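Beneath this line is the structure, given in structure tokens, with notes to follow.
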Amino acid sequence: MSGAFLNETPVASPQDNPVALTKSPYIAAAAEALQNYIRNTARTWYKDGVDPNDDVRKYAFQRLRETWFTPEVDPKFKLRREDKFYAIGSCFARGLESSLAGHKMAVESAAPEFAKLQPANKEGSGLGFTNKYNTYSILNELCWALDPDAEFPRASIVQLTNTTWYDPHTNPTLNFVSLEETLERRALMQAVTKRIKECRAVILTLGLAEVWRDVQADVFVNCTPIPSLFKKYPGRYQFHLTSFAQNWANLEAIHALLSSYGHPDFHVVVTVSPVPLMNTFSTMDIVVANTWAKSLLRAVAQEWASAHPNVDYFPSYEIVQNSDRAAVWEDDLRHVRGQGAQHIMELFLRNYIE
């Protein structure tokens, strides 16, 4: 594999396989569709004359009245408690790591080596440094760690002051440090990411569809460049509203990477982070921009899961969006309360862990 992973056109270009984006992801004969209908106990939203508060909760309009929404989940596969797990993606992935580790499971992405990284904000966690917010940055990190022919674009590390540097492929939660220490952090990130090769269970959380590209280094970065860079390097960074096809191609390239270099029996559970955008650089209202982004990522996650027997979608996004707002959200309406995360993980463990 080559550095094409890093550029605007990923290796698994949808133009190379147009059928993937034009064919229905699932087709069933009438008999099979009717069997789906019969077997699916959560198939109906509403029925006239039914008591909304009936304890049986057969219909969606009844279940949606509960504090915590609990969707029916039909997992494609099972994971084992003795499996090694790797969580990669947005900040929601850190919550999943914590919950899994709390159940005494081996979570390789929450490496003890990261404990020495002290966040600038003492209320945060050093693990926030590892957040990956978009499909480009997830793909990049896996490519640099796994593909022996891929090289990290050192030119994308930028100088902030005479003594400090910034790696835009990380999350800027740590104090800015010298070039030497910045590169040491980068080496640590790639060393830990390599451990995904040992993990049968991969949890991938999609967060953002708004992406920034470093034009000079010819690479997409992890999140919005820090404000001083726009003044120091005018014209260097370019904003993108990414498409379904771009995100699909990135996910397909991730699957190809894991197939070539990952665990021989890897399984991916893909989720969409419920945490909304903090800001938008588009012309849309932030609420509209967030709805567009989450809808796009939710749709591409389903399409990707449909394309591979070892990829499944878990509806953490739907659980949060359809639970009682006062119960599930912190006051900022961005972060999920601990009880909400606990409800999600209990449902995940109940359905996916043997």
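The values are calculated or read from the model by the stated rules, or taken from the named source; none is laboratory data. What you are looking at is a predicted structure, and each value in this text was computed from that prediction instead of being measured. Cβ sites come from the backbone with ideal geometry, for glycine too, and all protein chains shown count toward neighbours. Note: areas computed on protein heavy atoms with side chains; ligands, DNA, RNA excluded. Shrake-Rupley method; radii C 1.70, N 1.55, O 1.52, S 1.80 Å.
Observations on the structure shown:
- Members of region 131-150 found to be part of a loop (DSSP other than H, G, I, E, B) and either under 17 Å from residue 172 (Cβ atoms) or open to solvent by less than 10 Å² (accessible area, probe 1.4 Å) (or both), listed by number: 131, 132, 133, 134, 147
- Listed by first and then second residue, the pairs linking a residue in region 261-276 that is more than 15 Å from residue 77 (Cβ to Cβ) to a residue that is open to solvent by 20 Å² or more (accessible area, probe 1.4 Å) and basic (Lys, Arg), with Cβ atoms under 7 Å apart and 6 or more places separating them unless they lie on different chains, are 261/197; 262/197; 272/298; 275/334; 276/334.
- Tabulated pairs, region 151-180, first open to solvent by 50 Å² or more (accessible area, probe 1.4 Å), second part of a helix (DSSP H, G or I) and of a type outside the set (Asp, Glu), C-beta under 6 angstrom, 6+ apart or interchain: 165/179; 165/182
- Some residue of region 300-309 being in a strand (DSSP E or B) and farther than 27 Å from residue 220 by Cα: no
- Taking the criterion of being open to solvent by less than 60 Å² (accessible area, probe 1.4 Å) and without any contact (Cβ under 8 Å) to a residue 40 or more places away in the chain, the residues of region 72-101 that qualify are 94, 97, 101.
- Every residue from region 52-71 that is without any contact (Cβ under 8 Å) to a residue 12 or more places away in the chain and among the hydroxyl-bearing types (Ser, Thr, Tyr): none
Listed here are the residues, each with its yes/no results for (1) under 17 Å from residue 132 (Cα atoms); (2) part of a strand (DSSP E or B); (3) open to solvent by less than 40 Å² (accessible area, probe 1.4 Å); (4) of a type in the set (A, V, I, L, M, F, W, C).
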site: 187; (1), (2), (3), (4): yes, no, no, yes
site: 194; (1), (2), (3), (4): yes, no, no, no
site: 211; (1), (2), (3), (4): yes, yes, yes, yes
site: 225; (1), (2), (3), (4): yes, no, yes, no
site: 228; (1), (2), (3), (4): no, no, no, no
site: 255; (1), (2), (3), (4): yes, no, yes, no
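- Qualifying residue in region 64-73 (condition: within 22 Å of residue 310 (Cβ to Cβ) and either in contact with a Gly (Cβ under 7 Å, 6 or more places away or on another chain) or of a type in the set (Gly, Ala, Ser) (or both)): no
- In region 283-297, the residues that are open to solvent by 30 Å² or more (accessible area, probe 1.4 Å) and either in a loop (DSSP other than H, G, I, E, B) or touching a residue at least 40 places away in the same chain (Cβ under 8 Å) (or both): 283, 284, 285, 292
- Qualifying residue in region 311-325 (condition: open to solvent by 10 Å² or more (accessible area, probe 1.4 Å) and touching a Lys or Arg at 6+ places or on another chain (Cβ under 7 Å)): yes
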